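The structure appears right after this line, and notes come after that.
The values are calculated or read from the model by the stated rules, or taken from the named source; none is laboratory data. Just so it is clear, the structure is predicted and the values come from calculations on it, not from any experiment. Note: ideal-geometry Cβ built from the backbone for every residue, glycine included; neighbour counts use all protein chains shown. Accessible surface is based on the protein model in full, side chains and every heavy atom, while ligands, DNA and RNA are left aside. Shrake-Rupley method; radii C 1.70, N 1.55, O 1.52, S 1.80 Å.
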Amino acid sequence: MKELLYPFDSSYIMSKKKSIKRQLLSDGRDRFTKRIAILGGSTTDDIMKVLELFLLDSGIAPEFYQCEYAQYEQEALFPCEELINFRPELIFIHTSGRNLRQAPELTDSREAVDAKLLAEFNRFKAIWTSLKDTFHCPIIQNNFESPFFRIMGNKDISDFRGLSRFISRLNNLFAEYAEENENFYISDLNYAAADFGLRKWADPYYWNMYKYCMCPEAIPAFAYSVSHIIKALWGRNKKALALDLDNTLWGGVVGDDGVTGIEIGQENGVSQSYYEFQNYISRLKPLGILLTVCSKNDEENAIDGLNHPEGVLKPADFVVIKANWENKDRNISQIAAELNILPESIVFVDDNPAERGIVEAQLPGVIAPVMDSVENYIANIDRNGFFETVSLNADDMNRNEMYRENAMRAAAQAAFSDYGEYLTSLNMEAEIEDFTPLYIQRITQLTNKSNQFNLTTRRYTPDEMEAVYNSTEHIRLYGKLIDKFGDNGVVSVVIGRKDAGVLHVELWLMSCRVLKRDMEQAMLDRLVEKCRAEGISTIRGYYYPTKKNGMVKELYKTFGFTLVSQSDDGSTVWEMPVEGYTDQNKYITVK
């Protein structure tokens, strides 16, 4: 919904919450339900209602629990029966500077201030520990905004007795805890307040009258920021950028103005703005964001523009370049097909509102943010949180290179008339083993991002995956695939639960970038081997249909499983005896 994309009208959202919710619920979208507990140190009702809008818009239907006003600590340390029965899948602790109990006084010694700091941190640490031990779910915790007054003026940030410095040190302790503890995430309230405008954000009127820790106009921006974390945790963030060129990555039209006539570089304010935007885009690459070009242009002109000596982005930075005169929605569909991702995983960036409108109309789910002026380009991408990061691993940082290698594989395939000969030429080697701590983060990430080759689309939190890793009731496999072009990283995961000689496959997923290369067969071969070793006689597989995983509807049938049952919604159950199974992988050497 365009009204819920940055830059949005906060007043409109606050005044039209009910009608926006009705409109979202009537759009017919497929959403999954998640239970979210909000433990607040201030009034949270409006925050909850606006957060719900942003989550509904992303495909998540939240169910909420709210504690009583300012009962966040009691609820965490001594959960009530209602919260226990609610069984939250995520807990959001909404506290602010208003909830600090320890603060430095100008008469305090350095030791006294340090003791207050440690006491405040330990108070929150006890809250997090209790919630983690009780509910085993992700926790989102606000840090603290800077105070809207400074007793010592500018010295407040440098003197050990300053409240500004105290809060800064406490925020650093929170950040260090988040860095060291999985499944714990910081909502950067401090940044949100600064971005909105601290003086207006902290208007004392709203705290004194309504116990709001921020003015109502700030609630949508704050709730939007929190929603980015939640969406990322459950795989609702984006994977790729499709970038226009003329008046998007540079000023002017390269076909008309020539390479020397386009604006990019350090010469003036406009060219500097395009330079900074390219620099921003380049910094998304290490997050694993795939960069592609979608431009109405002659390809030669496009390449020349990308090779501009003052430009940051070069042709090699892009996984796919579509520079032609086709409709852009068609090019984006082809980009998605070549990358083996869904079109809705792509953000389309174009200065032309007509092109944005056509793409969004033809490709529902593709988001095309407003790009009204080059000075606003970075903010309009950044504030929308399309690429919110909750974890970062080696596979993420190498993703663009992996997809470029896939393009090389596609080019190599074209040289073979026989597909089997092509697969043999790849010299593929796989590593298929039980889970190891080294790959747990990547495995968990895959369960929340893989939607197409995913038979049950079950999602796992880090704590849930840790429980599976330590379980004696499960057989677990991860699969890495390497070939002559490079390392694809961890691309497949299988989890099965043992029960009286039957293995129930609770999760089977694979990255689509290794589709049809015998990796699924290699995983099955190894799974059968593990079942034999553990006395499993039957493998039972499950397929639960979604709007995205139709490609694996018949996977078990192709493996030779027998259909046991089928529900009205299309869900199926399959079985295969372990005895008599013959390995199906022909082209991959499994180490």
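Considering only residues of the range 248-284 that are over 29 Å from the mean Cα position of the chain (by Cα) and part of a strand (DSSP E or B), which is surrounded by the fewest Cβ atoms within 10 Å (Cβ to Cβ)?
Filtering the range 248-284 for residues that are over 29 Å from the mean Cα position of the chain (by Cα) and part of a strand (DSSP E or B), the one surrounded by the fewest Cβ atoms within 10 Å (Cβ to Cβ) comes out as GLY251.
Starting from residues that are of a type in the set (Gly, Ala, Ser) and touching a Ser or Thr at 6+ places or on another chain (Cβ under 6 Å), keep the ones in the range 54-95 and report whichever is surrounded by the fewest Cβ atoms within 10 Å (Cβ to Cβ).
ALA61
Can you tell me which residue in the range 127-161 is most open to solvent (accessible area, probe 1.4 Å), limited to those that are closer than 26 Å to ALA193 by Cα and of a type in the set (Gly, Ala, Ser)?
Looking at the filtered set, the residue picked out is SER158.
Looking only at the range 465-523, count every residue that is small (Gly, Ala, Ser), open to solvent by less than 10 Å² (accessible area, probe 1.4 Å) and part of a strand (DSSP E or B) and tell me the total.
4
Can you report the number of residues in the range 14-42 which are more than 22 Å from CYS215 (Cβ to Cβ), assigned to a strand (DSSP E or B) and among the small types (Gly, Ala, Ser)?
Adding up the residues that qualify gives 1.
Could you list, in sequence order, the residues of the range 547-576 that are among the β-branched types (Val, Ile, Thr) and open to solvent by less than 50 Å² (accessible area, probe 1.4 Å)?
Passing the criteria: VAL552, THR572, VAL573.
How do the pairs read when you match residues in the range 38-50 that are basic (Lys, Arg) with residues anywhere that are assigned to a helix (DSSP H, G or I), using Cβ under 7 Å and keeping only pairs 6 or more apart or on different chains?
LYS49/LYS17
Exactly one of (1) under 26 Å from ILE91 (Cα atoms); (2) free of Cβ contacts under 8 Å to residues at least 40 places away in the same chain; (3) hydrophobic (A, V, I, L, M, F, W, C) is unmet by ILE230. Its number?
Tallying (1) under 26 Å from ILE91 (Cα atoms); (2) free of Cβ contacts under 8 Å to residues at least 40 places away in the same chain; (3) hydrophobic (A, V, I, L, M, F, W, C), ILE230 fails exactly one: (2).
Which residues, taken from the range 84-130, are in contact with a Cys (Cβ under 7 Å, 6 or more places away or on another chain) and hydrophobic (A, V, I, L, M, F, W, C)?
LEU90, ILE91
How about the range 359-375: which of its residues are surrounded by fewer than 17 Cβ atoms within 10 Å (Cβ to Cβ) and not in a loop (DSSP other than H, G, I, E, B)?
Answer for the range 359-375, where residues must be surrounded by fewer than 17 Cβ atoms within 10 Å (Cβ to Cβ) and not in a loop (DSSP other than H, G, I, E, B): GLU360, ALA361, GLN362, GLU375.
Can you tell me which residue is surrounded by the most Cβ atoms within 10 Å (Cβ to Cβ) among those in the range 324-333 that are in contact with a strand residue (DSSP E or B) (Cβ under 7 Å, 6 or more places away or on another chain) and at pLDDT 95 or above?
Result: LYS328.
Out of the range 124-160, which residues are over 30 Å from GLN74 (Cα atoms), in a loop (DSSP other than H, G, I, E, B) and polar (S, T, N, Q)?
Answer for the range 124-160, where residues must be over 30 Å from GLN74 (Cα atoms), in a loop (DSSP other than H, G, I, E, B) and polar (S, T, N, Q): just SER158.
State whether one or more residues within the range 338-348 are open to solvent by 50 Å² or more (accessible area, probe 1.4 Å) and on the phi > 0 side of the Ramachandran plot.
Within the range 338-348, one or more residues are open to solvent by 50 Å² or more (accessible area, probe 1.4 Å) and on the phi > 0 side of the Ramachandran plot.
For the range 177-194, does any single residue satisfy the condition of being more than 30 Å from ARG87 (Cβ to Cβ), buried (at least 19 other Cβ atoms within 10 Å of the Cβ) and not small (Gly, Ala, Ser)?
Yes, that holds for at least one residue.
Scan the range 139-148 and tell me whether some residue there is of a type in the set (Gly, Ala, Ser) and touching a residue at least 12 places away in the same chain (Cβ under 8 Å).
First pass over the range 139-148, keeping only residues of a type in the set (Gly, Ala, Ser): 146.
Narrowing the set further to residues that are touching a residue at least 12 places away in the same chain (Cβ under 8 Å) leaves 146.
Within the range 139-148 (the criterion being of a type in the set (Gly, Ala, Ser) and touching a residue at least 12 places away in the same chain (Cβ under 8 Å)), the answer is yes, since at least one residue qualifies.
So which of ILE303, ILE321 ends up being at pLDDT 95 or above, farther than 24 Å from ARG383 by Cβ, crowded, with 19+ Cβ neighbours inside 10 Å and of a type in the set (Val, Ile, Thr)?
Going through ILE303, ILE321 in turn, the sole match is ILE321.
I'd like to verify a number: residues in the range 225-245 that are hydroxyl-bearing (Ser, Thr, Tyr) and open to solvent by less than 10 Å² (accessible area, probe 1.4 Å), how many?
Selection size over the range 225-245: 1.
Being open to solvent by 20 Å² or more (accessible area, probe 1.4 Å), farther than 16 Å from TRP574 by Cα and either among the acidic types (Asp, Glu) or in the same structural domain as GLU338 (by TED's automatic domain parsing) (or both) is the requirement here; does GLU529 meet it? Let's see the steps before the verdict.
Values: open to solvent by 20 Å² or more (accessible area, probe 1.4 Å): yes; farther than 16 Å from TRP574 by Cα: yes; either among the acidic types (Asp, Glu) or in the same structural domain as GLU338 (by TED's automatic domain parsing) (or both): yes.
Criteria met by GLU529.
Being within 22 Å of the chain's Cα centre (by Cα), farther than 15 Å from SER373 by Cβ and assigned by TED's automatic domain parsing to the domain that holds LEU339 narrows it down to one residue among LEU287, LEU245; which is it?
Values: LEU245 fails: within 22 Å of the chain's Cα centre (by Cα).
When all the criteria are applied, what remains is LEU287.
Being over 19 Å from ILE13 (Cα atoms) and either part of a helix (DSSP H, G or I) or without any contact (Cβ under 8 Å) to a residue 24 or more places away in the chain (or both): is that true of ASN237 here? It would help to see each step written out before you state the result.
Details: over 19 Å from ILE13 (Cα atoms): yes; either part of a helix (DSSP H, G or I) or without any contact (Cβ under 8 Å) to a residue 24 or more places away in the chain (or both): no.
Considered against the rule, which asks whether it is over 19 Å from ILE13 (Cα atoms) and either part of a helix (DSSP H, G or I) or without any contact (Cβ under 8 Å) to a residue 24 or more places away in the chain (or both), ASN237 comes out as no.
Of the conditions (1) free of Cβ contacts under 8 Å to residues at least 12 places away in the same chain; (2) surrounded by 15 or more Cβ atoms within 10 Å (Cβ to Cβ); (3) within 30 Å of LEU189 (Cβ to Cβ), TYR422 fails just one. Which one is it?
All conditions are met except number (3).
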